[in-house]
Amino acid sequence: MLSGTAAATHSTEPEEKFAHSEGYTTVKFSYDGTFFMTGGNDSLIRAFKSNKSERDQEAQTFEYHSDGVLCLDTAKNRILVSGGEDSTTYAFNLATTTTTNHGAAAGNSIGGDNSDSNSNISTIATLTPKGTLFRSTLSICDVSASPNGMQVAIASHEDTISIVSLIDIGMVMLKLPGDSKNNKPQGDGGHKSPINSVHFSSDSRYLASSSCDGTIKIWDMQMDSPCCVKTFEKLAPACQVGDEFQQFKIRWSPDGSVLAVPGRAHDIHLIKRGSWTISDSTSDSGGSLRDGGHSGTVTHLAWSPTGRYLSSVSSGDSGNRVIIWEYSKRSVLVDRQHSSQLCQVEWHPHSNTIAFSDAMGSVSVWDDVIPKGHLPPHVAAPVKYGSKAKSEDTKSSLVKNASGKSKSSNAADDLFNDEAVDDANSGRDTRDSEDTRMAIGDNDDVESQGEDVESLNNFVVDDDGEGAAYIEPIPQWTPPTHVKVKPFQPGATPLVHGRQYLALNLIGSVVTIRQENASHNIVEVDFYDKSAHRDTHFRDTDSFCMASLSNQGCLFASKPSSKTSKESSDDAKPSLLSYRAFSSWSTVSNWVVGLPFSEEIECIALSSRGAAAVTSLGYLRLFTIGGVQLHIESLPNRVLTCTAYDNLLFIILESTGSLAHQAMETKEREYEYILMSIDGSEKYSQGVCVVSKESTITWAHFTEEGHPVVCDSAGIVRVLHRRSPRMTSKQAGQIINSHDINGENNFNCSASWIPIIDIRELARSRAKNESLWPVAITGTQLMTILCKDGTKYPTYPKPILAEFSLQIPLLRLKSQVGKLEEHVLRSRILYEQLVFESERTGKEYQGGINVFGSDSSTIGSSTGSIDKDQLEQDKSVLRLIQLACKDDKMQRAMDLVHLLYNPNSISAAIKIAMFNKQSTLAERLVQYQELVYQRNQELYGNDEDADVMDGDEDNDGFGSNLDPKRKRTRL
């Protein structure tokens, strides 16, 4: 809980002006602070001069709305936007007209001189309608012009946010619909109740919105399709639709790093950008403002121009208070009780002044609101060329450099100011007047001016109240220097309706069920094969949030229950790693280990050969199934996820380039992978883990044959294709049998990522409102769960698996030739990986009926299985050769011959060429066969297997009767 401080006392009192009839009243300063604009229940918009000496002058009145005005906002391109109960949003050009005592008038931009102390000059505001921006069916309750001046977000009492162009007036650029619409936005979805507030961040990247049920949503507006990136359910107080006095407002800080939201407990929540968290730490930019604050519901907020202070107003029987919080201390600085129900509050952009409105239609302007001895809340107004530069704000912007010369802190910026260009274009004299020379420095050359401008960073703000030497510029949003990777667990889902899948694969599922008001959860383990294991469940008192499931057991992990580092604390629990065996020859097979309080588990993996855990300290901790700590090593703190199979461990990391993209808030992501043994003894492969453009990795696993596979957010599933240099079945058999007693072997391999299926395209081809959740991949099938009705995650109870054939995205897949080419390529990739695994592990080749549809599983030797699978692939190639011969595509047929494994298959290709009367091709094939024979003779001498020239005369031309025990044909 944050502690409050006593509010400061004031010698000044707010100056109250009755602007409108009784009812809801809105207030907004013009972009440069020359005027403050008000809107009221009488449908009028009024412009009052904000300069203290001119506030008593009569306000300019503008009547465009037909009902009460509920919201106002200004853009830096001199545009005023208004919305009201007449369901209409208008845009106006806001400018000033300067009139002399002789009646001559000169037009100036709204950014012109606002420090007019000459009694012969009078400045008035003019509003020129640009047009109707938007018409709704219900009241417009909030508008927010983007800081870049390109568009405006409009919130009405509908559940839809409208984004309207300020360039092409009236053009609706985008609508962010609510959940009740059929066209739901991406991400978390839209609001479920009427919207009452919207606000753009300072860089126009994010749009924050709130609804009457208290839900807050953050929208990423730089995506191709704006997406809701974060939702805070019922964070703010609920309010009655149509009661404008209950409509609370949310506001971004000037640098865009924090979003201030009224809370339900009369407090203010501070949401940190990027992490989207609320923290009570004063060292964090998130948190809440509570103690010493409001006793009624907070309805409106406003940040000071520098972001040092936050003003808020509340309403209620005893809660009509204006409070100014010192943001860095999270404490009350100024607290004032008001006699009427308050509506809104706003800061002057260039002076120590706020304005607030109430239900009586009055607007109060409070000067010197921040007491002396505290840092100023504002940035000095820029010095305009040709102005008198005699106002107090202008004087306070002057600084003294080391040589004692006076300079303006904004003079250099004004050289490149668009408003200065406007002044020049409007005919104003910008030559070297006395005041201009004072602003940029007398008799100084350009080089010395640049040095002095750079030296401004060395000046310290004078906070003693005697006059500011240098006032900080408005901070701009800068991306965080460190972006933390958010690891995930493959097969896990978010918590939905109190249930969450911790693991889901072909073995079964692990589900945790949250128990309300209980000290434990329920964990259910459900298996697909009921004959192998019985379903089980247990009480979870450790709050497990991760699980990894294997045939022998399940590995669980939890986060620490307390951030404290005192191990003696009774309530604190460290991060735990727990293994539960399903069946074992040992009487006690379960084990639990606790990590230090400073270390927590990020992701885990389990196989039949061991367990792995990656921690927040960058440690990779490896265990045996029995819990023996086998290995530990340090990894970069960029691990995204990990998964295991047999003796393999597959780790995915975000690359440093990906973190740089995140820091710059771009959509590109880059990943790396490490493939190693689960005991840590060997590294088999590592490199780039490829994903689609602007995509992230969403799933990682191993195929049933032991090949790493990943899926990205674009729906592309890729397998890591690892293979050795091409070799014959005899060579493969020699390598398989060449492992020494320690199981060590030396071989070179190359690796590449092969796309094997597009699950998004597969879902679209089904023409149903469903998505596919990948579960596992076998040799030829993708096992998925169908998520229907637009859901993204598997539902409860555990759904039935659906099977889809893998299909590499080659061209012409609808033709017979394209289908055969895809089958040949996919079979060859799978075959080469199976051979590679045999070479690596020394185990028997695992091909045959499950992979290629042959009966090679009946063959006892691995060499025989390899020959059978080679023969199955040759049959598909021979079919392609036959189709090429029918179409007279001789070069294509010759290219296909090079894909044959078995030399006897060349004889079959020759017969196909002769059968189709392609004598030229047959001659070339005979020459190629002789070259293959000579090559085999050089490699194997008089080996009996090298005699491969004579084929079976009864062959049908498709190679179905070829001798399987032959060498491959490739040279």
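The values are calculated or read from the model by the stated rules, or taken from the named source; none is laboratory data. Computed from a predicted model, the values in this text were never measured in an experiment. Note: ideal-geometry Cβ built from the backbone for every residue, glycine included; neighbour counts use all protein chains shown. What goes into the accessible areas is simple: the full protein's heavy atoms, side chains included, and nothing from ligands, DNA or RNA. Shrake-Rupley method; radii C 1.70, N 1.55, O 1.52, S 1.80 Å.
Per-structure values
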quantity: Per-region count, the stretch 607-666, residues at pLDDT below 95, assigned to a strand (DSSP E or B) and touching a His at 6+ places or on another chain (Cβ under 9 Å); calculated: 1
quantity: Selected residue (criterion: modelled with the lowest pLDDT) from residues of the stretch 275-287 that are part of a loop (DSSP other than H, G, I, E, B) and either crowded, with 18+ Cβ neighbours inside 10 Å or among the β-branched types (V, I, T) (or both); calculated: T282
quantity: Residue in the stretch 222-234 that is modelled with pLDDT of 90 or more and of a type in the set (S, T, Y) present; calculated: yes
quantity: Some residue of the stretch 414-428 being modelled with pLDDT of 85 or more, open to solvent by less than 50 Å² (accessible area, probe 1.4 Å) and of a type in the set (D, E); calculated: no
quantity: Verdict on Q341 being open to solvent by 30 Å² or more (accessible area, probe 1.4 Å) and either among the hydrophobic types (A, V, I, L, M, F, W, C) or out of contact with any Lys or Arg (no Cβ under 9 Å at 6 or more places or on another chain) (or both); calculated: yes
quantity: Failed item, numbered, when L259 is tested on (1) touching a His at 6+ places or on another chain (Cβ under 7 Å); (2) at pLDDT 90 or above; (3) of a type in the set (A, V, I, L, M); calculated: (1)
quantity: Residue check for Y933: farther than 21 Å from Q816 by Cα, touching an Asp or Glu at 6+ places or on another chain (Cβ under 9 Å) and either open to solvent by 90 Å² or more (accessible area, probe 1.4 Å) or of a type in the set (F, W, Y) (or both); calculated: yes
quantity: Residue list for the stretch 138-196, filter: open to solvent by 10 Å² or more (accessible area, probe 1.4 Å), modelled with pLDDT of 85 or more, polar (S, T, N, Q) and in contact with an Asp or Glu (Cβ under 9 Å, 6 or more places away or on another chain); calculated: S139, S193
quantity: Selection status of R290, modelled with pLDDT of 85 or more, open to solvent by 10 Å² or more (accessible area, probe 1.4 Å) and either closer than 20 Å to R264 by Cα or of a type in the set (D, E) (or both); calculated: no
quantity: Test: residue in the stretch 777-787 that is more than 26 Å from G508 (Cβ to Cβ), touching a residue at least 40 places away in the same chain (Cβ under 8 Å) and not in a loop (DSSP other than H, G, I, E, B); calculated: no
quantity: The stretch 498-510, subset in a loop (DSSP other than H, G, I, E, B) and not small (G, A, S), residue nearest to the chain's Cα centre (by Cα); calculated: N505
quantity: I759 being open to solvent by less than 40 Å² (accessible area, probe 1.4 Å) and in contact with an Asp or Glu (Cβ under 8 Å, 6 or more places away or on another chain); calculated: no
quantity: Pick from the stretch 197-250, criterion part of a strand (DSSP E or B) and of a type in the set (S, T, N, Q), ranking: surrounded by the most Cβ atoms within 10 Å (Cβ to Cβ); calculated: S210
quantity: Test result for L925, surrounded by 13 or more Cβ atoms within 10 Å (Cβ to Cβ), assigned to a loop (DSSP other than H, G, I, E, B), aliphatic (A, V, I, L, M) and modelled with pLDDT of 90 or more; calculated: no
quantity: Which numbered condition M676 misses (of (1) over 17 Å from the mean Cα position of the chain (by Cα); (2) modelled with pLDDT under 95; (3) open to solvent by 20 Å² or more (accessible area, probe 1.4 Å)); calculated: (3)
quantity: Verdict on S82 being modelled with pLDDT of 90 or more, part of a loop (DSSP other than H, G, I, E, B), touching a Gly at 6+ places or on another chain (Cβ under 8 Å) and under 24 Å from L301 (Cα atoms); calculated: no
quantity: Output for the stretch 85-115, where each listed residue is part of a strand (DSSP E or B) and either open to solvent by 50 Å² or more (accessible area, probe 1.4 Å) or modelled with pLDDT under 85 (or both); calculated: N93, L94, A95, T96, T97, T98, T99, T100, A105, A106, G107, N108
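Table: residues versus (1) modelled with pLDDT of 90 or more; (2) open to solvent by 40 Å² or more (accessible area, probe 1.4 Å); (3) in contact with a Leu (Cβ under 9 Å, 6 or more places away or on another chain); (4) more than 23 Å from L786 (Cβ to Cβ).
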| residue | (1), (2), (3), (4) |
| --- | --- |
| Q500 | yes, no, no, no |
| S509 | yes, no, yes, no |
| E516 | no, yes, no, yes |
| V523 | yes, no, yes, yes |
| Y528 | no, yes, yes, no |
| A532 | no, yes, no, yes |
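Residues are listed down the side, and each one gets a yes or a no for (1) closer than 26 Å to S827 by Cβ; (2) buried (at least 17 other Cβ atoms within 10 Å of the Cβ); (3) within 27 Å of the chain's Cα centre (by Cα); (4) at pLDDT below 85:
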{"position": "E668", "(1), (2), (3), (4)": "no, no, yes, yes"}
{"position": "G680", "(1), (2), (3), (4)": "no, yes, no, no"}
{"position": "Q686", "(1), (2), (3), (4)": "no, no, yes, no"}
{"position": "C689", "(1), (2), (3), (4)": "yes, yes, yes, no"}
{"position": "E694", "(1), (2), (3), (4)": "no, no, yes, no"}
{"position": "P708", "(1), (2), (3), (4)": "yes, yes, yes, no"}
{"position": "S713", "(1), (2), (3), (4)": "no, no, yes, no"}
{"position": "G733", "(1), (2), (3), (4)": "yes, yes, no, yes"}
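Okay, residues lined up against (1) among the aliphatic types (A, V, I, L, M); (2) assigned to a loop (DSSP other than H, G, I, E, B); (3) more than 27 Å from the chain's Cα centre (by Cα); (4) within 24 Å of A802 (Cα to Cα):
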site	(1), (2), (3), (4)
T512	no, no, no, yes
V525	yes, no, yes, yes
F538	no, no, yes, no
S548	no, no, no, yes
